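Colleague: Got a structure for you, written out below as structure tokens; questions coming shortly.
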Amino acid sequence: MGNVPEKDVSPRVQECLAHATECRIRAAAVADPHIRFTFEIAANQWRIIAKQIEQLEAERRNPGRWLPHSVYLREHDDPEAKR
């Protein structure tokens, strides 16, 4: 994921990315656009989960260095959150 060498990716992240790949393959194999779209959404969700696991694991390795994703988004995307 991102700039992390694949050998350094945890088995949990690898599993999520494998699910994402499977969903992309299935999306490419179906003709129905609604089913294809559903598989594409599932693939994106698996990638998001992989990224979240990666961030949680990084936080465990280096406590205090990473902000939780929801806090980061709230602080950077919502001007009201800074009050």
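The values are calculated or read from the model by the stated rules, or taken from the named source; none is laboratory data. All of these numbers come straight from a predicted model, not from anything done at the bench. Counting neighbours? That spans all protein chains shown, and the Cβs are built from the backbone with ideal geometry, glycine included.
Colleague: Only one of (1) modelled with pLDDT under 95; (2) surrounded by 12 or more Cβ atoms within 10 Å (Cβ to Cβ) fails for Asp78. Which number is that?
Modeller: (2)
Colleague: Please verify whether Glu22 is of a type in the set (Asp, Glu), part of a helix (DSSP H, G or I), out of contact with any Asp or Glu (no Cβ under 7 Å at 6 or more places or on another chain) and modelled with pLDDT under 95, treating the condition exactly as stated.
Modeller: no
Colleague: Mind checking which residues of region 31-47 are among the aliphatic types (A, V, I, L, M) and in contact with a helix residue (DSSP H, G or I) (Cβ under 9 Å, 6 or more places away or on another chain)?
Modeller: Selection gives Ile35, Ile41, Ala42, Ala43.
Colleague: Let me ask something else. Could you give every pair whose Cβ atoms fall below 7 Å, whose first residue belongs to region 32-43 and is of a type in the set (Lys, Arg), and whose second residue is surrounded by 13 or more Cβ atoms within 10 Å (Cβ to Cβ), counting only separations of at least 6 or pairs across chains?
Modeller: Here the result reads Arg36/Ala27; Arg36/Val30, each pair linking region 32-43 to a residue that is surrounded by 13 or more Cβ atoms within 10 Å (Cβ to Cβ).
Colleague: Determine which single condition Arg65 fails, assuming it passes every other condition in (1) assigned to a loop (DSSP other than H, G, I, E, B); (2) at pLDDT below 60; (3) charged (D, E, K, R).
Modeller: Of everything listed in (1) assigned to a loop (DSSP other than H, G, I, E, B); (2) at pLDDT below 60; (3) charged (D, E, K, R), Arg65 misses just condition (2).
Colleague: Out of (1) modelled with pLDDT of 95 or more; (2) more than 15 Å from the chain's Cα centre (by Cα), the odd one out for Gln45 is which?
Modeller: Of (1) modelled with pLDDT of 95 or more; (2) more than 15 Å from the chain's Cα centre (by Cα), only one is false for Gln45: (2).
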